[in-house]
Amino acid sequence: MTPPHVHAPVFEHHRHPLGIGEPAPRLSWTVATGVPGWRQRAYEIELSDGTSTGVVESARDTLVAWPGAPLGSRERRGARVRVHGADGSASDWSPWARAETGLLDPADWRAAAAAPPRSLLGPPDGPALLMRRDFAVRGEVTRARLYVTAHGLYEVELNGTVVGDDVLAPGWSSYGHRLRYRTYDVTGLLAAGPNAIGATIADGWYRGRLGFRGGRTGTYGDRTALIAQLEITYADGTTDLVVTDGSWRCAPGPVTAASLYDGESHDARLEPAGWSAPGFDDASWLPAEPLGHDPALLTAPTGPPVRRTETLRPVETLTGPGGETILDFGQNVSGRLRIRVQGPAGHTVTLRHAEVLEDGALGLRPLREAAARDAYTLRGDDAPEEWEPRFTIHGFRYAQVDGWPGQPAPGDVEAVVCHTDLERTGWFECSDAALNRLHENVVWSMRGNFVDLPTDCPQRDERLGWTGDIQVFAPAAAFLYDCSGMLASWLADLAAEQAEHGTVPHYVPWVQLLFPVEPAAAWGDAAVVVPWVLYERFGDLEVLRAQYPSMTAWVDQIAGLAGDKHLWDEGFQFGDWLDPTAPPERPFEARTDPALVATAYLALSARLLSRAAAALDRTEDARRYGELADRVRAAFEAAYTEPSGDMYAGSQTAYALALRFGLLDGEERRARAGVRLAELVRANGHRIGTGFVGTPLICDALAESGSLEDAYRLLLQTECPSWLYAVTMGATTIWERWDSMLPDGTVNPGEMTSFNHYALGAVADWLHRTVAGLAPAEPGYRRLLVRPRPGGGLTRARARHLTPRGPAEVSWRRSGDRLTVDVLVPPNTTATIDLPGREPFEAVAGHHTFHCPFPEAGQGTPVG
C-alpha cells in the first residue's frame, strides 16, 4: 500500500506567511493518495520548538487549532504534519512550513509618522514626494525586516532597489479604524557600511479625491506620511533600529501629479540620480516632520496585496477618426500601461484609457470625471526609457497614445494587469463557446474589481466597496478565487464602520458623498450573507465568530424598523436596482416593490443568523433568530401573496425571492409560484426581467420549481436584455447594465454605465453548482454535492475547484441518450451524488464514473 503524502501545512489563509498578525495561527493541510475512500483517522503536529501533539484521534484537517504556545512579535516557528488513515496507513512527515509574525503589540512600534513639510505638498492628487535617510550597517546581517505603512501610498527603496512587489500599498481600509502594514524580508538588500532607505509617497485614498459628483479630498487627513521601522539583527545577536522620524529628508520628485482617477504625470528629468542610494547629497532637502499616530490602528494583513499579475500586448493598432493611434489589448482590465520609449529630453508621451470605442474614438463619457490620463516626459537617454505609473490604476481595453516619437514598435506598450493577488481556485467550461466567454468575463470582472477591496468598477470616479455587489457575488467569488483573507479584512472594516455610524453603510470604507448613512436591504445584508458564505465555502467558523456582533447588530436594527408587523416597508431602499425596465437615469424604478425586497431580505438574514448562532453553539440566539425568521416569513406571505401562491406584485424578482428564500408555506403554494414564475419568464421571451436582487436568484428559482429548461433558455438568450447579449457585442467583462452598449454600438445614455461590474455575473455560481454540478454539501466542502442538471442543448460541462481538502471536479458529457459523469472527490471527503432520474447516493474519496439516461428537455429531476 502506497502511504499517503501530506503537503506542507498552511497557516490561516496565508500563502506567504511573513508578518502575520495571528499569534496562534490555525493549520490546514491536504493529502495526496491514490487509495480510494481514504479517510484521515488521526494526525500529529510537530512544531520547530519541539512541541508535539502526539497522535490526535481526529479527522480534522482544516483550520486546526494551534498546538503550541502563542507566538510573540517577530517570532518565527515551523510546523509539520503526519497523518494516519482509517485503513491503517500512515504518512511520512510533511515538509516543514514556517510562519513569522509581525509586530503584534502596539508598543512594538517605535516609528513616528514622518510627514513631508507642508511647503512641499501640492493640492490633493498633486506631486508624489521623495523621502530618504542614510544609515550604517555595522557588520554581518543575519536578519532584517522592514515594517511599513503610510498615510497615503508608498513605494520603498533600499540602496536603489525597490522593496517588494506590492502595488498601491498599503491598500485601502477604513483608515480611521484599521491601517494595514506589511512586512518585508530585506536581509539581502543590506550591506556592511553605508546604506540608504528612500520612499515615494503619494496621496492615494488617504488625501486624494474619492467618489463621484466631484467627490471629496482629504477624507482621512491633509498630510501624507510614512511609517517605517527597519529592524536589523547581526550575527553577534545585537540589533539596530532605523525608524521614520525627524531625521528623514524630503524633496519633490519626478511624479508631478498622482491621482487614482485622473492618472499620473512623470517628468523623468526631475528624478535625482541615486537619491535612494548611500552617499547622495540631500543637504538641500527639507526635514520631515514627525507626527503622532495611533499604533493600535496598525494591523497585519489577512490576505495578499495588489500585485502585477499579467501583462498583455496589443492585439491590434487602430487609427481614430482624427488620426489618433489607439491600441486594442483585446481584454478589458484594471491596471496601467508600461512603455518603452526613446526620444529627446522634455518630449511628453500621453496615454489615455477607455473601456470601449464610440465612432472609432475612445468612449470617455462613462469615465465621468475621471481623466484616466498618464503622461511621461522623457529624460532624453541614449537608450530607450521604460516607465509604468505607480500610484494610479485604470479600467480599460483601449489606450490612445499621443506624442510618441514615430510609431510604437511591438512590445513598446504593454498593459499591466493589477489586482489583489488571489489564488485561482475555480474553473468552468462547457460545450457552448458563448457561455464559456460569459464565464471568462465573470473571472475578468472579478479580477478587475478585487483591487484590495471588492469594488463596483475600476474605471470611473467611483470604485467604492459597494456592499450590495459583493453580497450577491460572494458565492461565485469564493469558488473562483481564495478570497477568504481579503474579504475577512473587508468585513472587519464593515463592522468598524457599522459600529461608528449605527448601521451598515452602502459601501465600505465609507466616504460621505451623495448618500446619508442609512440602512438599505440587500446592501446592508452583506453583514450577514458574506460571513455566512465564507463559512460555507471555506469552513472558517472564526469568521462567523468575529463578525457575529456585526451580524446581530444588523438583524436587530432591521427587526426594530420592521416592528411588530415584521414588514420593512419604510425608509430608503435601492430595491431591485437596474431592473431592465428602469429608465437610464432612474435605476431604482423597478417593477418589484422595494418593501417586498426588504422584508424578504430580513427573513433571509434572520434565518442565516440563526444558523450561524447554531454553528457557534449559541443555542438561545439560534432559537430566537429562527423564530424571528418565521414571523417575518409569515408577515411576508400575508402581505405579498395570495392564498393560491400567486403574488400581488407579480414580478420575476418577487417570485424568485419568495421561492429561493423559502418564504412560501406548503408544497402546493410553492408549486403554484414556480409555475407563475415560469409563465412570466416565457411571456418575456426568456429575456432578463430582473435587476441586482433578482438576477442571482432567477435560475435557481426556476430550476428548483421544475422549470429547468426555462432557466437554460434564459441563460442562453442572446437578445437584450440577457447575459449573452453582451457577449454577442464583444464584451470581455460583465457590464453594469444589461444594455451598457446599445445594439447600434453607442453607449447607454445613462450617467452610470460601466463595462466592468461583476454583480450581474453572480450567475456563475449557478454554472458551477447546477450546470456542471459541483457545490459544498457541508461547510468547507467536507462533503461535496454533485448534482449536475444538463439542459439547454449542452453536450458537456465541467467544473473544478480547489477545496480546502484538495481538488474536486465534476465533468459530464452526453453520448447519445446516455449521460456520463466523472467525479473527483478529494481525500478525507465524501460526496452526495444526485443524478437526473436517480435517487441520491454517497461516494467516497477518489475518481468515479457514473452513468444514467440523459434527461430529455423539460424532464429530469428538479434541482433542490
Exercise. Checking ALA345 against (1) in contact with a helix residue (DSSP H, G or I) (Cβ under 9 Å, 6 or more places away or on another chain); (2) open to solvent by 30 Å² or more (accessible area, probe 1.4 Å); (3) under 21 Å from ALA726 (Cβ atoms); (4) of a type outside the set (Ser, Thr, Tyr), which test does it fail?
Worked result: (3)
Exercise. For the stretch 403-452, how many residues meet the condition of being hydrophobic (A, V, I, L, M, F, W, C), surrounded by fewer than 20 Cβ atoms within 10 Å (Cβ to Cβ) and more than 30 Å from ARG15 (Cβ to Cβ)?
Worked result: 4
Seminar exercise, completed: Flagged in the stretch 693-739 as surrounded by 20 or more Cβ atoms within 10 Å (Cβ to Cβ), part of a loop (DSSP other than H, G, I, E, B) and touching an Asp or Glu at 6+ places or on another chain (Cβ under 7 Å), in numbering order, are VAL693, GLY694, PRO721
For this session: Check off (1) under 26 Å from TYR535 (Cα atoms); (2) surrounded by fewer than 20 Cβ atoms within 10 Å (Cβ to Cβ); (3) under 30 Å from the mean Cα position of the chain (by Cα); (4) touching a residue at least 60 places away in the same chain (Cβ under 8 Å) for ARG74 and give me the number that stays unchecked.
Result: (1)
Exercise. Would a scan of the stretch 338-361 turn up a residue that is outside any helix (DSSP H, G or I) and closer than 30 Å to TYR147 by Cβ?
Worked result: yes
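Only one residue in PRO776, PRO862, PRO853 is of a type outside the set (S, T, N, Q) and at pLDDT 95 or above. Which one?
Numbers: PRO862 fails: at pLDDT 95 or above; PRO853 fails: at pLDDT 95 or above.
Checking each option against the conditions leaves just PRO776.
Mind counting the residues in the stretch 570-601 that are of a type outside the set (A, V, I, L, M, F, W, C), on the phi < 0 side of the Ramachandran plot, assigned to a loop (DSSP other than H, G, I, E, B) and touching a helix residue (DSSP H, G or I) at 6+ places or on another chain (Cβ under 9 Å)? Step through it out loud before you land on a result.
So in the stretch 570-601, the residues of a type outside the set (A, V, I, L, M, F, W, C) come out as 570-571, 573, 575-576, 579-581, 583-587, 589, 591-594, 599, 601.
Now drop any that are not on the phi < 0 side of the Ramachandran plot, which leaves 570, 573, 576, 579-581, 583-587, 589, 591-594, 599, 601.
Remaining after also requiring assigned to a loop (DSSP other than H, G, I, E, B): 570, 573, 576, 579-581, 583-587, 589, 591-593.
After this cut, where a residue has to be touching a helix residue (DSSP H, G or I) at 6+ places or on another chain (Cβ under 9 Å) as well, the list is 570, 573, 576, 579, 591-593.
The number of residues fulfilling the criteria is 7.
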Seminar exercise, completed: Residue count, the stretch 621-670, condition within 34 Å of the chain's Cα centre (by Cα) and either under 29 Å from ASP579 (Cβ atoms) or not hydroxyl-bearing (Ser, Thr, Tyr) (or both), comes to 26
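Has the stretch 377-387 got at least one residue that is open to solvent by 50 Å² or more (accessible area, probe 1.4 Å), part of a loop (DSSP other than H, G, I, E, B), closer than 30 Å to ALA808 by Cβ and not polar (S, T, N, Q)? Break it down into steps so the answer makes sense when it comes.
To start, the set of residues in the stretch 377-387 that are open to solvent by 50 Å² or more (accessible area, probe 1.4 Å) comprises 379, 381-384, 386.
Cutting the leftovers down to part of a loop (DSSP other than H, G, I, E, B) gives us 379, 381-384.
Remaining after also requiring closer than 30 Å to ALA808 by Cβ: none.
No; the residues of the stretch 377-387 include none that is open to solvent by 50 Å² or more (accessible area, probe 1.4 Å), part of a loop (DSSP other than H, G, I, E, B), closer than 30 Å to ALA808 by Cβ and not polar (S, T, N, Q).
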Problem set entry | Every residue from the stretch 556-596 that is buried (at least 17 other Cβ atoms within 10 Å of the Cβ) and more than 25 Å from GLN498 (Cα to Cα) | LEU578, ASP579, PRO580, ALA582, PRO587, ALA590, ARG591, THR592, ASP593
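For ARG397, state whether it is open to solvent by 20 Å² or more (accessible area, probe 1.4 Å), farther than 18 Å from ILE326 by Cβ and under 25 Å from the mean Cα position of the chain (by Cα). So that I can check it myself, show each step before the final result.
Numbers: open to solvent by 20 Å² or more (accessible area, probe 1.4 Å): yes; farther than 18 Å from ILE326 by Cβ: no; under 25 Å from the mean Cα position of the chain (by Cα): yes.
Against the criterion (open to solvent by 20 Å² or more (accessible area, probe 1.4 Å), farther than 18 Å from ILE326 by Cβ and under 25 Å from the mean Cα position of the chain (by Cα)), ARG397 does not qualify.
For the stretch 802-842, list the strands (runs of 3 or more DSSP E) that sit wholly inside it and hold at least 3 residues that are modelled with pLDDT of 95 or more and touching a His at 6+ places or on another chain (Cβ under 8 Å); which are they?
Values: elements: 806-815, 818-825, 830-833.
So the answer is 806-815, 818-825.
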For this session: Kindly check whether there is at least one residue in the stretch 834-850 that is out of contact with any Lys or Arg (no Cβ under 6 Å at 6 or more places or on another chain), surrounded by fewer than 19 Cβ atoms within 10 Å (Cβ to Cβ), of a type in the set (Gly, Ala, Ser) and in contact (Cβ under 8 Å) with a residue 60 or more places away in the chain.
Result: yes
Problem set entry | Output for the stretch 646-656, where each listed residue is surrounded by 23 or more Cβ atoms within 10 Å (Cβ to Cβ) and not hydrophobic (A, V, I, L, M, F, W, C) | SER651, GLN652, THR653, TYR655
Problem set entry | Residue within the stretch 313-330 that is closer than 20 Å to ASN756 by Cα, open to solvent by less than 20 Å² (accessible area, probe 1.4 Å), aliphatic (A, V, I, L, M) and touching a helix residue (DSSP H, G or I) at 6+ places or on another chain (Cβ under 9 Å) present | no
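Take the residues in the stretch 539-584 that are of a type in the set (Asp, Glu) and farther than 20 Å from ALA598 by Cα; name whichever of them is farthest from the chain's Cα centre (by Cα).
Kept after step one, since they are of a type in the set (Asp, Glu), are these residues of the stretch 539-584: 540, 542, 556, 564, 569-570, 576, 579.
Retained after the next criterion (residues that are farther than 20 Å from ALA598 by Cα): 540, 542.
Details: ASP540: 17, GLU542: 19 Å.
Here the residue is GLU542.
The values are calculated or read from the model by the stated rules, or taken from the named source; none is laboratory data. Quantities reported herein were computed from a predicted structural model and do not represent experimental measurements. Because the Cβ atoms are built from the backbone with ideal geometry, glycine has one as well, and the counts that use them run over all protein chains shown. Ligands, DNA and RNA are stripped out before the accessible areas are found, and what is left, the full protein with its side chains, is counted by its heavy atoms. Shrake-Rupley method; radii C 1.70, N 1.55, O 1.52, S 1.80 Å.
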